[in-house]
Every structure is written in structure tokens, then in C-alpha cells.
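The values are calculated or read from the model by the stated rules, or taken from the named source; none is laboratory data. Every value quoted in this text rests on a predicted model; they were computed, and no experiment measured them. Please note: Cβ atoms are built from the backbone with ideal geometry, for glycine as well, and neighbour counts cover all protein chains shown.
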Amino acid sequence: MNRYKHVALIGLGLLASSISLAMRRADMTARITGTARSKATRDTALELGLVDAVFDTAAEAVKGADLVILCVPVGAMGAVAAEIAPHLNPGCTLTDVGSVKRAVVAAVAQHVPENIHFIPAHPMAGTEKSGPAAGFSSLFDNRWCLITPLPESDPAAVERLATFWTALGANVEEMEIDHHDLVAAVISHTPHLIAYTMVGVADGMNRVAKTEVVNYSAAGFRDFTRIAASDPTMWRDVFLSNKDATLEVLGRFTEELLALQRAIRLGDGDFLFDYFTRTRAIRRSIIDAGQDTEAPDFGRIKPEK
């Protein structure tokens with residue numbers, strides 16, 4: 001296996017720390033360097049052994065690396081790419097973990113030298129936690145990493161990156177960039193926006209006390225609050241960067257919601273039953289695909305470091 005010898009992690013949050021831990025679990029001997037905007041984050045990453053060396057700047061962290069992974073919010077990737085471009089090792093692979101791809105390509109590609117393999121990617125895994133201490137080695141196990149190569153991407157470099165993600169436990173598939181953004185809007189971005197909205201609705205309901213919302217949230221509201229606890233900076237950038245796809249899905253969601261609202265108002269039990277039966281089958285197929293379990297804890301088990 002043609003493994004990378006030096007991996008640079010730009011940003012040291014949940015995904016970067018999990019990448020590091022999964023690399024060590026896979027017995028990769030690559031040198032890992034990293035950087036983060038906050039000194040406290042850099043210090044924590046070093047103390048936890050997530051990196052072999054930590055640097056104050058991204059430019060220093062990427063020197064000599066044959067794989068550079070951008071693990072910063074989507075809105076910051078362009079500026080980071082501009083900073084590191086002159087310092088990238090010729091022939092290295094530059095990739096990212098952003099959940100939006102078209103905006104990342106627009107922001108990053110313009111800065112990438114011709115002798116660098118820029119291959120966008122998106123590991124479809126995460127939790128509502130953030131920071132270097134939030135990572136765990138099994139985060140990517142049986143999750144999907146979608147690689148979205150550019151037309152000019154070198155197939156050998158794409159295959160090498162795919163092998164890397166497979167070694168971290170992920171399933172890998174290639175996908176066209178714009179289709180990726182639509183898929184992400186359906187399965188990730190819009191659900192998060194709805195979760196934020198539902199929590200906002202509860203917060204603004206004067207007839208329901210906040211103590212009641214908190215104390216009785218073991219019902220469905222618990223899962224809404226879980227994903228609504230995700231990093232605000234990341235999700236602000238996601239929605240602004242994937243505006244078209246998110247608005248398209250939100251339009252469809254609004255149509256579905258109005259249909260359900262009408263059925264409830266008219267007492268159309270047959271419509272509701274058929275609708276819930278059809279959507280329940282999708283939930284069952286998610287479990288059958290191994291992307292969740294039927295465990296009563298919502299499939300959330302305590303991760304192992």
C-alpha cells in the first residue's frame with residue numbers, strides 16, 4: 001500500500017482529531033503535523049498526542065507533507081489555501097473535509113499550484129461535539145467518504161486518497177460535485193436547519209416553559225437539540241455556501257409540510273397513515289444499511305478513544 005508519509009491537518013477539531021486517532025489505529029506510521037487558530041487548541045492537540053508537531057501557522061504545518069487535509073470551516077478554506085499554496089510540497093495531495101463541495105472548489109482551486117493534486121472530499125460522519133478532545137478513532141467506521149474529483153484529477157492520486165479513507169474505516173464513493181451538494185442538502189444540511197428551527201420555536205413559545213422543554217426532552221425533542229448543538233460557525237458557512245441546493249430542498253420540505261398540515265386540519269387519517277408508513281420504511285432501510293441501530297439510546301453508544 002502506497003501510504004502517505006507526512007499528513008498535515010489544518011484545523012484540529014472533531015474531524016481532524018478523529019483522523020489522527022483512526023490513522024494510529026490503522027498502524028499508519030506517517031508523521032502528523034497540525035495547526036489551529038487557537039493556541040489552546042494547538043496545545044490540547046499536542047498534549048493528547050494527536051500530532052507529532054504543532055505549528056502556529058498553516059504555512060509551517062504543511063511543509064514537507066504529501067497529504068494536506070483542510071479541516072477548517074468552509075468559509076475559511078479559501079484564505080487558508082492562499083496561505084499554504086507557496087509552501088506545499090510538489091506532488092502532494094490537497095484535500096478537505098467540508099460538507100459543501102462547489103463553494104470549496106471555487107475558493108480553493110484558484111490558489112492551488114499546477115504540481116499539486118487537489119481532490120475535494122467529504123467524510124459523512126460527525127457528532128454535535130467539537131474540539132480536539134471530541135475525536136474518536138471509530139468515527140468513520142462504516143460511514144461514507146464521498147470523493148469529488150475534478151475533471152483534471154489524476155486517477156492514481158484519487159485512488160491513493162480513497163485507500164487512505166478506507167484504511168480509516170470509511171466506505172468510499174466518487175460523486176460529481178453539484179450532485180454531492182444536493183445530496184448533502186437533503187440528508188444533512190436541511191435536517192440541521194429544521195433542528196435549529198424547532199429549538200428556536202420551543203425557545204419562543206411563551207406558553208411552554210423552558211424548564212418543561214428541558215425536563216421532558218427525552219421525547220423527540222432530544223434529537224433535535226442534539227444536532228442543533230453543532231458548531232454555529234460551521235453551519236453558518238454551510239448554509240451560505242450551499243444556498244441553492246438548500247433552498248431547493250427547503251421548498252420541497254415546505255410543500256410536504258403544507259400537505260401534512262392540511263391532512264391534520266381535515267382529519268385525513270388515511271393520508272397521514274400512508275405517509276408515515278412510507279417514511280417509516282426509509283428509516284428501516286437506514287438501519288438495514290448499517291448506518292444506525294434500533295438500540296433504545298438512538299444508536300448513540302459511548303465512543304472509545
Report summary line: Checked pairs for the range 222-242, first without any contact (Cβ under 8 Å) to a residue 12 or more places away in the chain and not assigned by TED's automatic domain parsing to the domain that holds ASP96, second among the hydroxyl-bearing types (Ser, Thr, Tyr) and assigned to a helix (DSSP H, G or I), C-beta under 7 Å and 6 or more apart or across chains, list as none
Query raised in the report: Only one residue in GLU152, GLU173 is under 23 Å from LEU94 (Cα atoms), modelled with pLDDT of 85 or more and part of a strand (DSSP E or B), so which one is that?
Result: GLU173
Requested in this report: Could you please find all residues in the range 1-31 being crowded, with 24+ Cβ neighbours inside 10 Å and either assigned to a strand (DSSP E or B) or not aliphatic (A, V, I, L, M) (or both)?
Outcome: VAL7, ALA8, LEU9, ILE10, GLY11, GLY13, SER17, SER18, SER20
**Report entry** Selection within the range 39-52 - surrounded by 13 or more Cβ atoms within 10 Å (Cβ to Cβ) and either not assigned by TED's automatic domain parsing to the domain that holds GLY131 or not in a helix (DSSP H, G or I) (or both)
**Finding:** LEU48, LEU50, VAL51, ASP52
Query - Hey, ALA109 at pLDDT 95 or above, in contact with a strand residue (DSSP E or B) (Cβ under 7 Å, 6 or more places away or on another chain) and either within 29 Å of ASP223 (Cα to Cα) or not polar (S, T, N, Q) (or both) or not - result: yes
Report task. State all residues of the range 64-88 that are more than 19 Å from ALA184 (Cα to Cα), touching a residue at least 40 places away in the same chain (Cβ under 8 Å) and not in a helix (DSSP H, G or I); if no residue qualifies, say none. Result -> GLY64, ALA65, ASP66, LEU67, VAL68, ILE69
Query raised in the report: Given the conditions (1) more than 19 Å from ALA245 (Cβ to Cβ); (2) within 13 Å of the chain's Cα centre (by Cα); (3) surrounded by fewer than 21 Cβ atoms within 10 Å (Cβ to Cβ), and given that MET124 satisfies all but one, which numbered condition is not satisfied?
Result: (1)
Query raised in the report: Given ASP178, ASP203, which one is part of a helix (DSSP H, G or I), of a type in the set (D, E, K, R), exposed (fewer than 15 other Cβ atoms within 10 Å of the Cβ) and at pLDDT 85 or above?
Result: ASP178
Requested in this report: Look through ARG102, ARG160, ARG143 and report the one residue that is of a type in the set (Lys, Arg) and over 23 Å from SER20 (Cα atoms).
Outcome: ARG102
**Report entry** Some residue of the range 123-131 being within 30 Å of GLU248 (Cα to Cα) and not in a loop (DSSP other than H, G, I, E, B)
**Finding:** yes
